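A short write-up of the structure that comes next.
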Amino acid sequence: MPVYLTPDQVVLMLPGVSRGQLAQLRFHGKGPKYRKPTAKTVLYVQSEVVAWVESTTCGGTGTGAA
């Protein structure tokens, strides 16, 4: 069974992301997948939040020490 998280729980997992920023990500379709079982309830699946964070991995551009 999936572990469901509220937006408040998600922002605790994501340092530097506020509840408002998470809402903006939802609005623009850029954040982790979410569920709306009722008009006022937003839920996230923990594994999908982790997968979304992993999908945002960026590579370094440095060439190393000379």
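We did not get these values from a lab; they are worked out from the coordinates using the rules stated. What you are looking at is a predicted structure, and each value in this text was computed from that prediction instead of being measured. All Cβ positions, glycine included, derive from the backbone under ideal geometry; neighbour counts span all protein chains shown.
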Problem set entry | Computed over the chain, Cα set: Rg, Dmax in Å | 14.7, 57
For this session: Using only Cα atoms, find the angle between the long axis of helix 19-28 and the longest principal axis of the chain, and express it within 0 to 90 degrees, rounded to the nearest 10.
Result: 90 degrees
Exercise. Against the longest alpha carbon principal axis of the chain, how many degrees, from 0 to 90 and to the nearest 10, is the axis of helix 46-55 turned?
Worked result: 30 degrees
Exercise. For labels at LYS40 and SER18 in the simple 7 Å Cα→Cβ model, what's the distance in nm?
Worked result: 2.3 nm
